[in-house]
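Each remark here refers to the structure printed beneath this line.
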Amino acid sequence: MNTVLVTGGAGFIGSNFVRLLLDRQADWKVVNVDALTYAGNLENLGPLIDDPRHVFVKADIRDKQAMEEVFLQHRIDMVVNFAAESHVDRSIMEPEIFLTTNIIGTQVLLEAAKRHWKVIPEDKYSKEYREGVRFLQVSTDEVYGALGRSGKFVETMPLSPNSPYSVSKASADLLVRAYYETFGLPVNITRCSNNYGPYQFPEKLIPLMLANCMVGKGLPVYGDGMQVRDWLHVSDHCLAIETVLLEGKVGEVYNVGGNNERANIDIVKLILRTLGKGEELITYVKDRPGHDRRYAIDNTKITTELGWTPKYTFEQGMDETIQWYVDNQTWMEHVVSGEYQAYYGRMYE
Ligand code: NAD
Ligand code: TYD
């Protein structure tokens, strides 16, 4: 029996992770802390809200007092930190909240974990922690910067982030490293590539294009559309996180990728074809400032050392994902009301 503090568990990946973990670990409990920003949605959790093994706490990871209370009220064994501002375009418009949530929020959680897990908290030299505790930081391949036509990201590469978002995530990674090196806190960092799948907020490429395509609206492709991302199905990502929690070597960083490099324009065309719409919906728009050209993950370390491999092919994952959005248009209607309209207007119109 483990009690896992999942932060950001009402967002896209977090909600998929909570569902997967409680399905697979019958006697585990999840304390789900989420501030319910525009990206957090209790509808993503469905029946889990009434599951006795799932406790939802509406709180901000930057709030020291609230995080202290979570650790006091529950005997937390593991932290999986998903909570973040996660969209590059928003970080270009309003960087500040990325620094406070992604950097300060992570530090607040690290500090609470250190205080509650250390066997002798008042001894600054002690690196002895309660048996079995682990802090897993969910990071991104964007911390490595951009690639040229060839090569892949490996864990030993220097960090070279380019956007306010990726800088904030790289900073959080360095704090996690500092808590390991200085205080001996048992940590892991996972750096994954672009996720896709059910419950993704329609500000990101795939759900935004699906949402627009379903209502016959233009599909805004940045620049020449030849930027490349390495797509990972969210279920494969969640399984990788579970693997690292159970098997990961303390202090290590693991890249997680699906070996699915695709140019944006090819994904847009695939969506149009699958939904039976014509390419006249494609609308080339001004490129994102500082747009990273290519990301690609080398996942040799996690596959050879921990035995995780992605199960989804991109074709199967996209078929299922597109079908999910077709079947869940009410979810989409709820999500795109309110704040989303204001964001869309500011970003694209
Ligand atoms: P998301 O934006 O869908 O969800 C983020 C969640 O965090 C939301 O539920 C939001 O309410 C919550 N949150 C935001 N600020 C908070 C705060 N201050 N306190 C508490 N909760 C807060 O993001 P996602 O796509 O699910 O990403 C989850 C994590 O994975 C992030 O850390 C992100 O950087 C990382 N990641 C995502 C991708 C991807 O493709 N989506 C790729 C690599 C890494
Ligand atoms: P996104 O889903 O925002 O993820 P990230 O920037 O973190 O990789 O974008 C994926 C790619 O799609 C990226 O190259 C930007 C591009 N893109 C568009 O061309 N149009 C859009 O409307 C969006 C949201 C993204």
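Here are the numbers:
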{"quantity": "Those GluC sites (Glu not before Pro) in segment 182-263 that DSSP places in a loop and that have at most 13 other beta carbons within 10 Å", "calculated": "none"}
{"quantity": "Electrostatic dipole magnitude of segment 53-206 [Cβ: Lys, Arg +1; Asp, Glu -1; Cα centre; debye, to 20]", "calculated": "340"}
{"quantity": "For the chain, share of DSSP beta bridges that run antiparallel, in % to the nearest 5", "calculated": "10"}
{"quantity": "Helix-only [θ]222 nm of the chain, DSSP H runs n ≥ 4, -39500 (n - 2.57) each, per residue, nearest 500", "calculated": "-12000 deg cm²/dmol"}
{"quantity": "DSSP H segments from the chain that extend 20 Å or more along their own axis, Cα-based, with Kyte-Doolittle mean of -1.0 or above", "calculated": "164-183"}
{"quantity": "Mean-position separation - Cα centroids, segment 56-73 and segment 313-330, in angstrom", "calculated": "35"}
{"quantity": "Residue among G257, G248, G218 with the largest mean-square fluctuation in a Gaussian network model of the chain, springs linking Cα atoms under 10 Å", "calculated": "G218"}
{"quantity": "Lys, Arg +1 and Asp, Glu -1 on Cβ, resulting dipole of the chain about Cα centre, debye, nearest 20", "calculated": "460"}
{"quantity": "Mean separation of Cα contacts under 8 Å, 6 or more apart, over the residue count of the chain: relative contact order %", "calculated": "17"}
{"quantity": "GluC sites (Glu not before Pro) restricted to DSSP loop in segment 34-135 with at most 16 other C-beta within 10 Å", "calculated": "E122, E128, E131"}
{"quantity": "Interchain or long-range residues, amide H under 5 Å from Y284's placed H", "calculated": "V221"}
{"quantity": "Low-density loop positions, trypsin sites (Lys or Arg not before Pro), segment 259-337 - DSSP coil, at most 13 other Cβ in 10 Å", "calculated": "K286, R293, K311"}
{"quantity": "Footprinting exposure proxy for F12, F135, F201 (fewest neighbouring C-beta atoms within 10 Å first)", "calculated": "F201, F12, F135"}
{"quantity": "Cα centroid separation - segment 204-228 against segment 241-263, whole Å", "calculated": "28"}
{"quantity": "Lysine pair number, Cα distance threshold 21 Å (strictly under), segment 1-145, separation 8 or more or different chains", "calculated": "8"}
{"quantity": "Amide H within-cut-off set for F56, under 5 Å, with H built and near neighbours excluded", "calculated": "N32"}
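Rule-based calculations on the coordinates, nothing more; no lab input. These figures come from a predicted structure and were not determined experimentally. Quick reminder, even Gly has a Cβ in these numbers, built from the backbone with ideal geometry, and neighbours come from all protein chains shown.
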